[in-house]
Amino acid sequence: MKTYEDLASSAVKSIKVDEKSIYIVYNSNIDKEYEFICDNTAEFDVKLSETISKEESLGKFIHNQVKSGSIQPSVTQPSK
């Protein structure tokens, strides 16, 4: 798992890239980690690295990835 921390972002605290999932912690709630399903984490990782190196907005990048369907919020079933 690759982890990005200490990001120069007002919206995103950290991002972890796993084999099939992306985990994001937002600065608005640092105690909660959001999981997103991603079919091509290698491509996401390359685009994320480019966004960070160009010092572009990570919040906008994440929003565009969700909007395009590249990552989808994980839906977990409540335990009974």
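The values are calculated or read from the model by the stated rules, or taken from the named source; none is laboratory data. Values in this document were obtained by computation on a predicted structure and should not be read as measured data. Virtual Cβ from ideal backbone geometry, glycine too; neighbours counted across all protein chains shown. Accessible surface areas use protein heavy atoms only, side chains included; no ligands, DNA or RNA. Shrake-Rupley method; radii C 1.70, N 1.55, O 1.52, S 1.80 Å.
Computed quantities for the displayed model
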{"read-out": "Carbon + sulfur, % of accessible area of segment 1-41 - ligands and nucleic acids excluded, 1.4 Å", "value": "41 percent"}
{"read-out": "Where labels lie 7 Å past Cα in the beta-carbon direction, separation of Ala8 and Val46 in nm", "value": "2.4 nm"}
{"read-out": "The chain pair-distance distribution - Cα-Cα, 5 Å bins, rounded %", "value": "3, 15, 27, 28, 17, 5, 2, 1, 0, 0"}
{"read-out": "Cα-based helix-to-principal-axis angle, 58-68 vs the chain, degrees rounded to 10", "value": "50 degrees"}
{"read-out": "Degrees separating the helix 41-53 axis from the principal Cα axis of the chain, which is the longest one", "value": "40 degrees"}
{"read-out": "Whole-number accessible area per residue in Å² for segment 25-80, which is evaluated in the context of all protein chains at 1.4 Å", "value": "73 Å²"}
{"read-out": "Computed [θ] at 222 nm, deg cm²/dmol, the chain (DSSP H ≥ 4; -39,500 (n - 2.57); rounded to nearest 500)", "value": "-9500 deg cm²/dmol"}
